[in-house]
Amino acid sequence: MDQYLFQTYLDQCSFVEETTSWIEIFNYSDESLNTIEEHRFGPDERRVEFHNFLRRRGVFAPRELKEGVRLLNGIRLIVQKDAQDNETFAPLHVSLKPEDYSSMVEIMRLPYRAIEGTSVVGPFFWAALDHDDKDPHLQIIFRKSDVRKKGKTRGWELMLSHSFNTGITSGFVKGTPSSDINVSIKTLLACASQAMHPFLLPMIVLSHDISIKTDMKQREAREWLRRLEHAVSMRQEILEEESNYIKDTMVNLDQINRDLVECHSQVLWKRPQAYQEIVRSFGIALDSFWSLAESRPETYGKEAFKALHESFVSRLDFFQAKLKGIESYAHITLERLSIQRAALYNIIAQKESKLGLQMAVDQRKLAHAAKRDATSMKSISLLGAVFLPATLLASVFSMTFFNFQNQDSGDSSSSSSSSSAAGDTNSTTSSSGGSGGGGGSVSPTIWVYFAITIPVTLVIVVTWLLWDKRREAEYAEVDKDIEKGIDAMEQKIMAEMRKRTMSTARTWNVAKS
């Protein structure tokens, strides 16, 4: 079934080309014959060299040994340590041609189910025996595939198979430049004398993956958290070099919120719980390997091998203790981040409340302005009501239909006699002529009108202006009182909330009464 599923998944895979090299490490009973080689496959006859390496033909054929000299152990790897293609760690992608990939898995007896792990996320480890009684093999899959960054997939992968008959570990290794594969390969070459243990390379990769960089990330996150706490809680016990950060962030809630999210992400980088499971799986696989290795003392019975195996077990215990410490440290950091996030939400709520109060102030000012405008219109209406009747009457009586001027008595008698002699027919005309004949005249006392009207008008207008100015001053005082009242209410609310949520009072060192 495994072979059929392997071929089914392989047919679905896309091929991406990567630069490929090979590594051979052989340790002999005569240490002078030990070899360490690392070379790229030639560009001209790459595929021929690749298959010769798999089948150990040509220049890769086993060395002829002198009598009494034997091969103790070794490592044979196909390596792609600088994988560059953007899709190299995408699901259902292989970096060897399908036929070459299939030949490599079958000839080196690598795990068929590794092709099914191209889509796994996070660190993944699996190891098992193939239960071949004649030539048992320990098969190992160890990989980590991260999400894309800047459009490129990232990660590393190990596929290993260890033969208990020959003591040789064969496999395929791939990693992007951002992974630790390069430095792991250098470490492997430096530790070539320990090639007898199949977990040598996986242990090296694991050691680099949870190296001191993980601890430093958590320390940096905690330091970042401390600065955020100072900015959010406005503490006084800050260092001088932190004052610029706090000055820039304490009023910028958006930046503080972004920093909280980034800090949270940094704490979750290489989450220790996932690696704790990896370490446990390593321990189980080491026990399974040792249970079979003990039955082959001719290959694995040397004290050097036992010491190396015990060092691996001890290293796993060290990793467990280290990861537990990181887990506790990260948990505290996450809890403190949650507290600061809650405090930030309180501050944002306070800001929103202040904005609501400010809007209420503005609305009240608009209401007062509308009231003042209404009062002004009322004043204008009152003035119109006082002066409009007099103006209307003056306009009416100034019409030509009315003439209140006194004329000479002689003119009046003559006009009356003529009107009686002329009869009823011409009476209207004589009246009109007499009236027109009288003519209009401007009274010499007209100045009295202007002398009274202009001062009275000025007194009324000035009085109204002074009264309106005084009223505006009263309104301004009312607005100031409103502002002061709202500011005092806001300060009281914020002080009460800060007292309840972020009090710096200490209770555990208060002397007992």
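The values are calculated or read from the model by the stated rules, or taken from the named source; none is laboratory data. These figures come from a predicted structure and were not determined experimentally. Counting neighbours? That spans all protein chains shown, and the Cβs are built from the backbone with ideal geometry, glycine included.
Select from the stretch 131-142 the residues that are surrounded by 15 or more Cβ atoms within 10 Å (Cβ to Cβ) and either at pLDDT 90 or above or touching a Lys or Arg at 6+ places or on another chain (Cβ under 9 Å) (or both) and list them in ascending order. If you could, list the steps in order and put the result at the bottom.
At the first step, the residues of the stretch 131-142 found to be surrounded by 15 or more Cβ atoms within 10 Å (Cβ to Cβ) are 136-142.
Within the stretch 131-142, 137, 138, 139, 140, 141, 142 meet the criteria.
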Residue count, the stretch 143-167 (criterion: more than 21 Å from residue 282 (Cβ to Cβ) and surrounded by 23 or more Cβ atoms within 10 Å (Cβ to Cβ)): 0
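Residues checked against (1) touching a Phe, Trp or Tyr at 6+ places or on another chain (Cβ under 8 Å); (2) assigned to a helix (DSSP H, G or I); (3) on the phi < 0 side of the Ramachandran plot; (4) not acidic (Asp, Glu):
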{"site": "275", "(1), (2), (3), (4)": "yes, yes, yes, yes"}
{"site": "280", "(1), (2), (3), (4)": "no, yes, yes, yes"}
{"site": "291", "(1), (2), (3), (4)": "no, yes, yes, yes"}
{"site": "317", "(1), (2), (3), (4)": "no, yes, yes, no"}
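Take the stretch 182-217 and flag every residue that is assigned to a helix (DSSP H, G or I), of a type in the set (A, V, I, L, M) and over 23 Å from residue 137 (Cβ atoms). Outline the logic, then answer.
Filtering the stretch 182-217 down to residues assigned to a helix (DSSP H, G or I) leaves 182-190, 192-194, 200-209, 212-217.
This time we only want the ones that are of a type in the set (A, V, I, L, M), so: 183, 185, 188-190, 192, 200-201, 203-206, 212, 216.
Across the stretch 182-217, the qualifying residues are 183, 189, 190, 212, 216.
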For the stretch 1-39, give me each residue that is free of Cβ contacts under 8 Å to residues at least 40 places away in the same chain and touching a Pro at 6+ places or on another chain (Cβ under 8 Å). none
Tally up the residues in the stretch 249-278 that are without any contact (Cβ under 8 Å) to a residue 60 or more places away in the chain, of a type in the set (A, V, I, L, M, F, W, C) and in contact with a helix residue (DSSP H, G or I) (Cβ under 6 Å, 6 or more places away or on another chain), please. 2
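Consider residue 90 carefully, then state whether it is small (Gly, Ala, Ser), in contact (Cβ under 8 Å) with a residue 24 or more places away in the chain and farther than 27 Å from residue 165 by Cβ. Walk me through it before giving the result.
Working: small (Gly, Ala, Ser): yes; in contact (Cβ under 8 Å) with a residue 24 or more places away in the chain: yes; farther than 27 Å from residue 165 by Cβ: yes.
Taking the combined requirement at face value, the residue satisfies it.
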All but one of (1) over 22 Å from residue 291 (Cβ atoms); (2) surrounded by fewer than 16 Cβ atoms within 10 Å (Cβ to Cβ); (3) not aromatic (Phe, Trp, Tyr) hold for residue 184; which doesn't? (2)
